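As structure tokens, the structure follows; a few thoughts come after it.
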Amino acid sequence: MGIPVVDFSKIDGNERADTLALIDHYCQEWGFFQLINHGISEELLDRVKKVATECYKLEREAGFKNSKPVKLLNELLGKNSDEKIENVDWEDVFLLSDDNVVEWPSKTPGFIETMKEYRTELKKLGHKVMEIMDENLGLPKGYIKNAFDGGVDNTAFFGTKVSHYPPCPHPEKVNALRAHTDAGGVVLLFQDDEVKGLQMLKDGVWTDVQPLKNAIVINTGDQIEVLSNGRYKSILHRVVPQTNGQRRSIASFYNPSLKATIAPAPQLLDTKVKNEASEATKYPKFVFGDYMSVYLEQKFQPKNQGSKL
């Protein structure tokens, strides 16, 4: 069946309360859901698909053919080995952010202009999603965004990871992307319309995040789990390689500033019922930059859900 789908246009109509409740439920029970009718135009999304695909063909494909995962796989096949490659991923990836614009791919016509426009629209959608989480959690409007900004002099980080997963002739020997949770806040993913591969762990079972035309997949990262004091979950997910079709994935991360101090929202620790003891803090307070230092070392290590922070 895949993961739940939410019609985001209903958030502004008569079905607002029901839609809010659905999103709250999916954040608690799934950590993943897809948004349709989210307000980003199909024309822009079509351009994003076009320039991302052309960029890979023009500027990235040759490099991938000489990349470490391809060389390691060829070595294994040459040795007729039963081993599996565990420490690299069958993925071509680069990052777009406001801080590295000079490094953005420049040979693909329309790439820079289109991706700047897309990132602007997606950031607005990210703000809306975070405000809905504020409302559902009973927090003041803008609480999550302000927490991620980490003070007047700092601003949250908004990065976009552009990935391609070429067809793999021996998917049993490699990972397209190893299982992990996302370190940051809210992830907004524009994935391939046709080629599957992304899976999330639901009740101990790997569940497909089904391709759905022009949908934006939302998943909650580790920092949302902390801010919500565990009410919303950061879920393990992975990409499995495919023998047919090249999968495109454009994941944007709304993350705290490295200087931001992250802790469970005090409002979620208050006494809920008179004479009832207040709920204990499930997570320590920390600076996000320190968290990232540890995360980058341990990202792909096995971990028990709920005890990783």
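Radius of gyration and Dmax for the stretch 144-189's Cα atoms, expressed in Å?
16.5, 51
Which entry in (1) 89, 48, 37; (2) 55, 43, 43; (3) 69, 43, 42 matches Cα extents along the principal axes in Å derived from the coordinates of this structure?
(3)
Among rounded, prolate and oblate, which fits the stretch 1-65 when a ≥ b ≥ c are the square roots of the eigenvalues of its C-alpha gyration tensor, a/c under 1.5 means rounded, and a/b larger than b/c means prolate? Don't jump to the answer; show the numbers that get you there.
Working: a/c = 4.98, a/b = 2.06, b/c = 2.42.
Because a/c hits 1.5 or more and a/b fails to exceed b/c, the stretch 1-65 counts as oblate.
Would you mind checking Lys49/Lys202; Lys173/Lys259; Lys79/Lys213; Lys84/Lys161 for any pair whose Cα atoms are more than 32 angstrom apart?
Working: Lys49/Lys202 29 Å; Lys173/Lys259 40 Å; Lys79/Lys213 41 Å; Lys84/Lys161 26 Å.
Table pairs above 32 Å Cα-Cα are Lys173/Lys259; Lys79/Lys213.
With +1 assigned to the C-beta of every Lys and Arg and -1 to the C-beta of every Asp and Glu, and no other charges, what is the dipole magnitude of the chain about the Cα centre in debye, to the nearest 20?
Result for the chain is approximately 440 debye, rounded to the nearest 20.
Give the carbon-plus-sulfur fraction of the accessible surface of the chain in %, rounded to a whole number; probe 1.4 Å, heavy atoms of protein chains only. It would help to have the intermediate numbers written out before the result.
Working: 7480 of 15020 Å².
Here carbon and sulfur together make up 50 percent of the probe-accessible area.
Between beta-carbons, use under 9 Å as the cut-off and find the net charge around Asp193, counting Lys and Arg +1, Asp and Glu -1. Walk me through the intermediate numbers first.
Values: positive: Lys49, Lys213, Arg248; negative: Asp192, Glu194.
Summing Lys/Arg as +1 and Asp/Glu as -1 gives +1.
Starting from the stretch 210-259, pick out the trypsin sites (Lys or Arg not before Pro) whose DSSP state is loop and whose Cβ has at most 12 other Cβ atoms within 10 Å.
Lys213
Counting only residues 5 or more places away or on other chains, whose amide H sits under 5 Å from the amide H of Ile3 once H atoms are built in the peptide plane?
Amide H neighbours of Ile3, under 5 Å, 5+ apart: Gln210.
Tally Lys and Arg at +1 and Asp and Glu at -1 over the other residues with C-beta under 11 Å from the C-beta of Arg47: what net charge comes out?
Details: positive: Lys49, Lys50; negative: Glu42, Glu43, Asp46, Glu54, Glu113, Glu117.
Net charge in that neighbourhood comes out at -4.
Taking only protein heavy atoms into account and a 1.4 Å probe, give the accessible area per residue of the chain in Å². Before the final figure, lay out the partial values.
Working: 15020 Å² over 309 residues.
Per residue, the chain has 49 Å² of solvent-accessible surface.
Long-range amide H contacts for Leu35: which residues qualify at under 5 Å (H placed 1.01 Å from N, peptide plane, sequence gap of 5 or more or a different chain)?
Amide H neighbours of Leu35, under 5 Å, 5+ apart: Val6, Ile216, Val217, Ile218.
The values are calculated or read from the model by the stated rules, or taken from the named source; none is laboratory data. Model, not experiment: these values are computed from the prediction. Heads up, the Cβs are rebuilt from the backbone with ideal geometry, glycines too, and the neighbour counts pull from every protein chain shown. Side chains are part of the model used for accessible areas, which takes the heavy atoms of the whole protein and leaves out ligands, DNA and RNA. Shrake-Rupley method; radii C 1.70, N 1.55, O 1.52, S 1.80 Å.
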